[in-house]
Amino acid sequence: MLYAVLSGFVVAALVPWLHWLFRSHIGWVLAVLPASLTVYFASMIPAVSGGEIIFQQWAWFPGMDIHLGFTLDGLSLLFALLISFIGTFVMIYAGGYLKGHPALGRFFVVMLSFMASMLGLVLSDNLIALFVFWELTSITSYLLIGFNHDNEDARKCALQGLFVSVIGGFFLLVGMMLLGIYGGTYSIAELLTDSGDWMSAAPVALIIICVLGGTFTKSAQFPFHFWLPNAMAAPTPVSAYLHSATMVKAGVYLMARLNPAFGEEMLWTLALTGFGAVTMFVGAWLSYTHTDAKKVLAYSTVMALGTLTMLIGIGTHYAMIAFSAFLLGHSLYKGALFMIAGAIDHEAGTKDLSRLGGLRKLMPWTAAAALVAALSLAGVPPLFGFIGKELMLEAALSAGPLQALALTLAVVSAMLTAAIAAVIALKPFYGPRLDTPKKPHEAPLSMLAGPVVLAAVSLLFGLVPGLPETMLVTAAVTAVAGVPLDFYLSLWHGFNLPLLLSAVGLSGGALLFFWWDRSREPLRRLMDRLDRFAPETGYFKALDGIVWLCDWQTRLLQNGKMGNYMIVLVMTTVVVVGYTLAAQHGIRFTLDWQDINFYEMAIVALLMVTAVFATTTRSRLGAVATMGVLGFMVALIFILFSAPDLGITQVLVETLTVILLVLVLFRLPGFARYSTLFEIFRDGFVAVSFGLLMTMLVLATLDARMFEPISSYFIEAAYPEALGRNIVNVILVDFRSLDTLGELFVLGIAALGVYSMLKLRAEKLND
Amino acid sequence: MTDPNKKIMKDNTVILHTAALALLPLQLLFSVFLLLRGHDEPGGGFIAGLVGAGAVVLYLFAHGVDATRRIMRFDPRDLLGIGLFLGTVSAFPALLRGEPFLSAQWWIFDLAGTEIKLSTVLVFDIGVYFAVVGTILTVVVSLTEAEE
């Protein structure tokens, strides 16, 4: 399975060459990878539906209990199959949709990386590995939403999606670390099996809030739903794949995955049911109010995500079955509908549903696929969507304390969904032919394959519900519920309450559909008025707040005055280190005047004189020269204490520093006193306290030998281990060579910084 | 902005002119000597780099930027790149032998009675040398060029 996950990344790295080789057929070629992954995962179906859980593990950071462990149980298998199966058609579709786009290669690089990350996410058993894949999907999603990056809107929307999901990701990481700390392991399987033991001692409410912070943002639950419709700035294949069938379900996946542990918690049940139900309704409502085909579908995806969350929250056996069936059904029809919307946009030049009509004769295949997929969305028998909706209503009937809320919202959402399904399936294709920006014709094969196959599968699964049940749904339900359940899927459940509610939903939907044209204008005015209260307004307010905060702290800290920076840095050091020194060691030291030679005294005296001169001289050149003298004195001390390497280095560095200073000095204006008396004393105080601190520190280190100094080890080991007699050099290039390597890069960056600053200035002067 | 009276590089300092010509090869040779003996005696890539850079800077002060660029042939930034490249490359042979990244590898053999010690450490030290020379010259050259 490691190879199954990594293959996506490997092929992604090869895409530039493949693109060069196959040109416009690249979509068909790349589809081979997800297709073979589909076959691979399908070959696991017999084992997994037989109750087996396949587990493979590779050590990644063994020291930190982080492994690439991949589990394949019912839930993971369902997701893995959806990702690779829908991925196959999305690749083909994208090849047609973006035909001739100059950045097609880049598109597929990110797309395949996303697919691999998503597979990693749903297969990972280790929480940290899962988190890494989770963030990878956020980043690839960002790159794909902003694919048309010369469009400012696309950039903004991409950033919004990234912000929302990354802030959520931060919460998720905290939640996962808490899980790891209290559970004693990062393995999901182990956390779930002995959940009773560790949960009694853990801050469960906090963990749940953190985890939900991650999953709600990722799966666009209310009030974070606003980023998903904006993500429709992405090319349609991306919307079909990431923002309906796979990535946005990652949050739902994780909640389902952790459900066996938290399912009994009141907070978990209420939060999921409540937020899920509200999201379901808000999504359906907003979907009804929009006319842009992709936005309509995006909001109906929000509705579906809300439904899934609510079903996990309800937590009864029926809800679990409904969850798995609804998930499968939704991915199939929503993937198809997005591809159809893209095809219409591609061929007719607009995706505004109020401007489309009468395309049935021109695009017969698209129309047929749209009809089937929309019937599944509306939940009309004999499509698979009907089974999902029927089960959902049945589950909402048993929603515990929130039953009334869940049931009302479910029925209303069912009406709205039926209405928008009708709008999508009928508006563009039937009725009078409306003028479109482009002359429409049937979509090419590459763009038909996906919708037709996915719609056909929806129909097949609806007609033969035993097929998905035995292959996928049973095992998935077992994984979500934590215990095996006995059930069977069927179209006909007899005359019961859910069937009645279903009929109410469909007839209500029909009414709403007939009002659709007439309700546009009043709805638009209503939504404009409500805009002030939308959560997205809060998002923009928060962004403005962050910008304001940055302004304020930049003015405070980054004011561009070298002197202020120095004071802040030095005084922070003095206070923090000084406090630590006083607290840990105390102000005490022993002075031994016996061993000091007269020439050492002389050097120190010279040092002090030059230091005083350097600070008081009124000539800049004089100050530089005295600083040089100071440096040479220090070098002399090194040599006296037999450290020739340090001495030589010091001399050379001093020489070059003086040269550099002279070069810079030349460019400075004449010397003048700008400081007030107060500033002089303030700076003097800072300088003196820093000097005092360093002196105390050196004296204290001489006094307090807490450890055997490492220098004796270096002296002993230098020749036998590193074959060198110059210890300084051996330390630099062998014992601590990683540090040196780092320093080299620092040097390089500094040099390039100086270079670019000077060149930039020179260019400005030339202009 | 150039004020002819405020030039660092005077064109008529004959002694410096001539001395720099003679000193440059000597100093460079000395820097290589320091570099190669560095593992056992005082010296090493860092010190040698400073000496080497000092040699070129002296030449630059005597003859100006253009002449210096001509004799250097390389842009100082390329030297910096070479240094970083050598330093990084020297880290990898250890991986091939299954040892941790950057572990020193030695090849010691006899060449006509003299013991020759080759190692990744030496490559690393040469990298340090070039990086130091490259950094200092990049800064000095761009400062002087900004001057002119």
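Within the set of other residues whose C-beta is less than 15 Å from the C-beta of A:Val730, count the net charge using Lys and Arg as +1 and Asp and Glu as -1.
With Lys, Arg at +1 and Asp, Glu at -1, the neighbours total -4.
How big, in percent, is the set of alpha carbon pairs in segment A:70-210 lying more than 26 Å apart?
Numbers: 3641 of 9870 pairs.
Counting every Cα pair in segment A:70-210, those more than 26 Å apart make up 37 percent.
As I understand it, the value is the acute angle between the Cα axis of helix A:445-463 and the longest principal axis of the Cα atoms of chain A; what does it come to in degrees, rounded to 10?
60 degrees
To the nearest 10 degrees, how steeply does helix A:535-557 sit against the main Cα axis of chain A, on a 0 to 90 scale?
Long axis of A:535-557 versus the principal axis of chain A: about 10 degrees.
Sort the following peptides by mean Cβ neighbour count (other Cβ atoms within 10 Å, averaged over residues), highest first: A:317-324, A:93-100, A:238-245, A:305-312.
Highest-to-lowest ranking by the protection proxy: A:305-312, A:238-245, A:317-324, A:93-100.
State the dimensionless ratio Rg/Rh of segment A:566-706 (Rg: radius of gyration of Cα atoms; Rh: Kirkwood radius).
Expressed as Rg/Rh, it is 1.00.
What residues from segment A:51-90 fall in the zone where the backbone N is under 18 Å from a label point 7 Å along the Cα-to-C-beta line of A:Phe9?
From segment A:51-90, the list is A:56-71.
Quick one: go through segment A:324-346 and flag any residue whose amide nitrogen is under 13 Å from the point 7 Å out along the Cα-to-Cβ line of A:Leu485.
The answer is A:324-327, whose backbone nitrogens lie closer than 13 Å to the label point.
Give the range of the longest stretch in chain B that excludes all trypsin sites (Lys or Arg not before Pro) found in loop regions by DSSP and having at most 14 other beta-carbon atoms within 10 Å. Each step should come with its number before you reach the end.
On the way: sites that count: B:Lys7, B:Lys10, B:Arg73, B:Arg97.
That gives B:11-72 as the longest site-free run.
Which FRET efficiency value, to the nearest 0.05, do you get for A:Asp352 and A:Leu460 by plugging their Cβ-Cβ distance into 1/(1 + (r/R0)^6) with R0 = 41 Å?
The formula returns an efficiency of 0.80 here.
In the neighborhood of A:Val204, defined by Cβ-to-Cβ distances under 12 Å, what is the net charge if each Lys or Arg adds +1 and each Asp or Glu adds -1?
Around A:Val204, the charge tally is -2.
Given that compact globular proteins tend to follow 2.2 N^0.38 Å, what is the ratio of the alpha-carbon Rg of segment A:130-288 to that value?
1.09
Once you charge only the Cβ atoms, +1 for Lys and Arg and -1 for Asp and Glu, what is the size of the charge dipole of segment A:566-706 about its Cα centre, to the nearest 20 debye?
Rounded to the nearest 20 debye, it is 520 debye.
So for segment B:47-125, Kirkwood radius off the Cα pairs, Stokes-Einstein at 10 °C and 1.306 mPa s: how many µm² s⁻¹?
104 µm²/s
Plugging the Kirkwood radius over Cα pairs into Stokes-Einstein for segment A:623-734, at a temperature of 10 °C and a viscosity of 1.306 mPa s, what D comes out in µm²/s?
My calculation gives 88 µm²/s for D.
Go through segment A:367-469 and name the trypsin sites (Lys or Arg not before Pro) that are in a DSSP coil and have 14 or fewer other Cβ atoms within 10 Å of their Cβ.
Details: sites: A:Lys389, A:Arg433, A:Lys438; in loops: A:Arg433, A:Lys438.
Sites meeting the loop and neighbour criteria: A:Arg433, A:Lys438.
When the scattering of segment A:401-536 is computed by the Debye formula from its Cα atoms alone, each counted once and equally, what is log10 I(q)/I(0) at q = 0.14, 0.18, 0.19 Å⁻¹?
Log10 of I(q)/I(0), two decimals: -1.09, -1.30, -1.31.
Can you give me the C-alpha center-to-center distance between segment A:82-146 and segment A:156-188, rounded to a whole angstrom?
Each part reduced to its Cα centre gives a spacing of 20 Å.
Can you list the HN-Hα couplings for segment A:360-372, worked out from phi with the Karplus curve (6.51, -1.76, 1.60; θ = phi - 60°), rounded to whole Hz and with x for Gly and Pro?
4, 5, 7, 10, x, 5, 4, 4, 5, 4, 4, 4, 5
When the Karplus curve 6.51 cos²θ - 1.76 cosθ + 1.60 is applied with θ = phi - 60°, which whole-Hz ³J(HN,Hα) does each residue of segment B:113-121 get, with x for Gly and Pro?
x, 9, 7, 9, 10, 10, 7, 5, 4
From the residues A:Phe108, A:Thr572, A:Ile312, which one has its Cα farthest along the dipole of chain A in the positive direction, the dipole being from +1 and -1 charges on Cβ of Lys/Arg and Asp/Glu about the Cα centre?
A:Phe108
Please give the length that would be gained between A:Phe685 and A:Ser642 if that part of the chain were fully extended, namely 0.36 nm times their separation in residues minus their C-alpha to C-alpha distance (nm, one decimal).
Contour length minus Cα-Cα distance gives 12.0 nm.
Seen from all sides and averaged, what is the projected area of the convex hull of the Cα atoms in segment B:10-147, in nm²?
With every direction weighted equally, the projected area is 10.1 nm².
Compare the peptides A:600-608, A:398-406 by average per-residue count of other Cβ atoms within 10 angstrom and give them in order, highest first.
Details: A:600-608: 12.9, A:398-406: 17.2.
Highest-to-lowest ranking by the protection proxy: A:398-406, A:600-608.
Which cross-chain or sequence-distant (5 or more) residues have an amide H under 5 Å from the amide H of A:Asp292, H modelled 1.01 Å from N in plane?
For A:Asp292, whose amide H was placed from the backbone, the distant partners under 5 Å are A:Leu353.
Loop-only check: which chymotrypsin sites (Phe, Trp or Tyr not before Pro) in segment A:609-697 are DSSP coil with at most 15 other Cβ within 10 angstrom?
A:Phe641, A:Phe666, A:Phe671, A:Tyr674
Relative contact order (percent) for chain A, with alpha-carbon contacts under 8 angstrom and 6 or more residues of separation?
Relative contact order, chain A: 10 percent.
Which is farthest toward the positive dipole end of chain A among A:Leu526, A:Leu192, A:Leu18, measuring Cα position about the Cα centre, with Cβ charges +1 (Lys, Arg) and -1 (Asp, Glu)?
A:Leu526
Taking each residue in B:77-87, count the Cβ atoms of any other chain within 10 Å of its Cβ, then average. What number comes out?
Mean number of neighbouring Cβ atoms from other chains: 3.
Long-range amide H contacts for A:Gly69: which residues qualify at under 5 Å (H placed 1.01 Å from N, peptide plane, sequence gap of 5 or more or a different chain)?
It is A:Trp58, A:Asp125, A:Asn126, by chain and number.
Distance from the Cα centre of segment A:437-461 to that of segment A:312-364, in angstrom?
12 Å
Can you tell me what the convex hull of the Cα atoms of segment A:49-90 projects to on average, as an area in nm²?
That works out to 4.0 nm².
Give me log10 I(q)/I(0) at q = 0.14, 0.15, 0.19 Å⁻¹ for segment A:29-122, Debye formula, one equal scatterer per alpha-carbon, no solvent.
Evaluating at q = 0.14, 0.15, 0.19 Å⁻¹ gives log10 I(q)/I(0) of -0.61, -0.68, -0.92.
Would you mind checking the pairs A:Lys156/A:Lys249; A:Lys389/A:Lys427; A:Lys249/A:Lys438; A:Lys294/A:Lys389; A:Lys249/A:Lys361 and listing those with alpha carbons more than 32 angstrom apart?
A:Lys249/A:Lys438; A:Lys249/A:Lys361
Translational D (Stokes-Einstein, µm²/s) of segment A:264-558 at 20 °C and 1.002 mPa s when Rh comes from the Kirkwood sum over C-alpha pairs? Show your work: numbers first, answer last.
Numbers: Rh = 20.2 Å.
Taking Rh from Cα pairs, D becomes 106 µm²/s.
Work from the charge dipole of the protein assembly as shown (Cβ charges, +1 for Lys and Arg, -1 for Asp and Glu, about the Cα centre) and give the residue of A:Val48, B:Gly43, A:Phe163 farthest towards its positive end.
A:Phe163
Roughly how crowded by other chains is peptide A:641-651, in terms of the mean Cβ count from those chains within 10 Å of each of its Cβ atoms? Spell out each step's value before the answer.
Details: counts 0, 0, 1, 4, 7, 2, 1, 9, 5, 0, 2.
If you average over the peptide's residues, the count of other-chain Cβ atoms is 3.
So what are the radius of gyration and Dmax for the Cα set of chain A, in Å?
Cα only, chain A: 34.1, 110 Å (Rg, Dmax).
Work out from phi, with θ = phi - 60° and the Karplus expression 6.51 cos²θ - 1.76 cosθ + 1.60, the ³J(HN,Hα) of each residue of segment B:93-99, listed in order in whole Hz, and give x for Gly and Pro.
Listing the rounded values in order: x, 4, 4, 5, 8, x, 9 Hz.
If you look at just the Cα atoms of segment A:725-766, how large are its Rg and its Dmax in Å?
16.5, 53
Could you work out what % of the accessible surface of the protein assembly as shown is carbon and sulfur, using a 1.4 angstrom probe and leaving DNA, RNA and ligands out of the count?
Solvent-exposed carbon and sulfur of the protein assembly as shown make up 70 percent of the total.
As an exercise, identify the trypsin sites (Lys or Arg not before Pro) in segment A:532-614 lying in DSSP coil whose Cβ has no more than 15 other Cβ atoms within 10 Å. Display every interim value, and only then the final one.
On the way: sites: A:Arg532, A:Lys541, A:Arg555, A:Lys561, A:Arg588; in loops: A:Lys561, A:Arg588.
Answer by residue number: A:Lys561, A:Arg588.
In degrees, nearest 10, range 0 to 90: what is the angle between the Cα axis of helix A:497-530 and the longest Cα principal axis of chain A?
So the helix axis and the longest Cα principal axis differ by about 60 degrees.
Counting each DSSP H run of 4 or more residues in chain A as -39500 (n - 2.57), what helix-only mean residue ellipticity at 222 nm follows after dividing by all residues, to the nearest 500 deg cm²/dmol?
-24500 deg cm²/dmol
If you take the beta carbon distance between B:Phe33 and B:Glu145 as r and set R0 to 30 Å, what does 1/(1 + (r/R0)^6) give as a FRET efficiency, to the nearest 0.05?
0.45
Please work out the C-alpha center-to-center distance from segment A:1-72 to segment A:662-728 and express it in whole Å.
Using only Cα atoms to place each centre, the spacing works out to 54 Å.
Explain nothing, just the number: dipole magnitude of chain A about its Cα centre with +1 on each Lys and Arg Cβ and -1 on each Asp and Glu Cβ, in debye rounded to the nearest 20. Can you show the working numbers first?
Details: 41 positive and 46 negative charges, 609 e Å.
The dipole of chain A has a size of about 2920 debye.
Spin-label point model (7 Å from Cα, Cβ direction): what's the A:Trp365 to B:Phe85 distance in nm?
Label-label distance for A:Trp365 and B:Phe85, simple model: 5.2 nm.
The values are calculated or read from the model by the stated rules, or taken from the named source; none is laboratory data. Since the model is a prediction, treat every value here as computed from it, not as a measurement. Every residue, glycine as well, gets a Cβ built from its backbone with ideal geometry; the counts of neighbours run over all protein chains shown. Quick note on the areas: whole protein, heavy atoms, side chains included, nothing else; ligands and nucleic acids left out. Shrake-Rupley method; radii C 1.70, N 1.55, O 1.52, S 1.80 Å.
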